[in-house]
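Below is one structure, written out as structure tokens; comments come after it.
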Amino acid sequence: MANGNGKKSKKKIIIFSIIGVVLVALVLLVILGTKKETIITVQTEKIQRRTITQIVSATGKIQPEIQVKINAEVSGEIIDLPVREGQRVRKGQLLVSIKPDQYRASVEQNEASVQMAQAGLAKAESEFKRTSELFAKKLVSEADMDVARANVQSSRAQAAQSAASLKQSRETFAKTTIYSPMDGVVSQLKSELGERVSGSTFTQGTEIMTIADLSRMEARVDVGENDVVMVSLSDTARIEVDSYPGRKFVGAVTQIANTAKSRGLGTQDEVTNFEVRILVKTPDDVRFRPGMSMTADIETETRNNALTVPIQSVTVRAPKKEEVKQDQPKEGEAQFAANSAKTKKKEEDKLEEVVFLVKDGTVVTATVKRGLSDDAYVEVTGQNLDGAEVVSGPFKAINRELENSSKVKVDNKSAKQTGSSATENK
């Protein structure tokens, strides 16, 4: 019995010893594991000086610089339409005729009214002359003289009114034939022969066609309210038209709208844009058509010998907090101290723009200030930047993982990889 109990005791001792060794090993692994450092794999570039051009990009349509909409100013049936869409026309060429019968009749009626008014005026003037002679001989009263004078004035007014009506009817009659106001092309034809159109002096009539000068085309783009302040007249623009892939056309800004165009007003999707017009230099082998889609890169400013880094290299971090010892506030100063603490917290919560510079396997944050930027690089100002090696990727490392004094491994050969970090033992 004693030997049996002894064997059991030895087994227990061995089991507990094994458990103890395992626990010690686990503790050692945990302790050693805490001594491992995360080394982040990054890509870098040398900070260099470049000529940088700031660009504002916008989309829009190609339109003629000058185009005129032809609207009916009288109502009636189109009886002559000697042009077709796409046809080139000259200034003064007949474009459309509207049935003139009722307007010709109005002219003839007013001509007759003018003749009657002139005859009435001649009769009144003759009567006034006769009455004046009799009045001089004291053969008629002053009242008769006044009546004769009033008849002349009335007849003159009626003659003037008839003449004005005749002038108006002739102008209306003339509007039944429409001539081209300019040299150009019928870029759009909306009405057909035999169709009825409506129009009046006071309202916009039926749109019949559009005449455009296709020799001078412009790009009309919508620029956001944050970017339009950077655009100036005569700024150079590089234009890509969807119908001519692989080609770029040069233009210059000729007009910037003063009034905004808003979409989705009062909603979360509200967008405020300003129309910018760019006169496009059209090569001889290119024929732009109104409404073609295009994209413009407007070069707003150029700076030579600018210190630049890749756009993705600039990120934001909270500024370094300096520990400052402060005395405990007295009871009466508690509220003031609390308010001061809140103000200080707001100031500390402000973010600053930084880049990460690589030196001896670690990164150091350098505060920078942005300047001009293009589609790849941004101008920066700061201390000890010229010629330094700056982290240019990956995106996750720059924006989340890196901090001041982080350990890094530079691997520019695998810059296209999307992985952001690797963990290795020191």
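Since every read-out is calculated from the coordinates, none of them should be taken as a lab result. In this text the structure is predicted, and so the values were computed from the model without any measurement. We place every Cβ from the backbone using ideal geometry, glycine too, and count neighbours over all the protein chains shown.
Structure notes:
- Working from label points 7 Å from Cα in the Cα-to-Cβ sense, the Ala318 to Thr362 distance is 2.1 nm.
- Nitroxide proxy distance, nm - points 7 Å out along Cα→Cβ at Asn399 and Lys248: 2.7 nm
- For a paramagnetic label modelled on Glu192 (point 7 Å from Cα along Cα→Cβ), amide N atoms under 13 Å away are absent within the range 205-219.
- FRET E, pair Met230, Thr201, Förster distance 41 Å, beta-carbon r, rounded to 0.05: 0.35
- Taking other Cβ atoms within 10 Å as a rough exposure proxy, Phe395, Phe135 sort from fewest to most as Phe395, Phe135.
- Going from the fewest other Cβ atoms within 10 Å to the most, the residues Val96, Val364 appear in the order Val364, Val96.
- Inverse of mean 1/r across different Cα pairs in the range 35-151, Kirkwood, Å: 24.6 Å
- Cα-based reach from Lys248 at 12 Å (exclusive), listing aspartates and glutamates while leaving out same-chain residues under 8 positions away: Glu240, Asp297
- Cut-off 10 Å between beta-carbons: net charge of the residues surrounding Ser75, Lys and Arg +1, Asp and Glu -1: 0
- Annotation for Ala164 and Lys99: the two label points, set 7 Å from Cα along the Cα-Cβ direction, are 3.2 nm apart.
- Length-normalised contact order for the range 100-175 - Cα pairs under 8 Å, 6+ apart - percent: 52 percent
- Among the listed pairs Lys261/Lys281; Lys359/Lys407; Lys91/Lys190, a Cα-Cα separation exceeding 18 Å is found for Lys261/Lys281; Lys91/Lys190.
- For the range 85-166, the Kirkwood hydrodynamic radius comes to 16.0 Å, computed from all pairs of different C-alpha atoms.
- The aspartates and glutamates whose alpha-carbon is closer than 19 Å to the alpha-carbon of Lys46, local same-chain residues fewer than 8 away aside, are Glu353, Asp360, Asp374, Asp375, Glu379, Asp386, Glu389, Asp411.
- Net length available on complete extension from Ser154 to Glu85 is 19.5 nm, with 0.36 nm assigned per residue and the Cα-Cα distance removed.
- Label zone of Ile256 (point 7 Å out along Cα→Cβ, amide N under 20 Å): in the range 45-76 this covers 53-61.
- Going from the fewest other Cβ atoms within 10 Å to the most, the residues Thr259, Thr381, Thr272, Thr53 appear in the order Thr259, Thr381, Thr272, Thr53.
- Length added when fully stretched, Thr295-Lys69, from 0.36 nm per residue minus Cα-Cα: 78.7 nm
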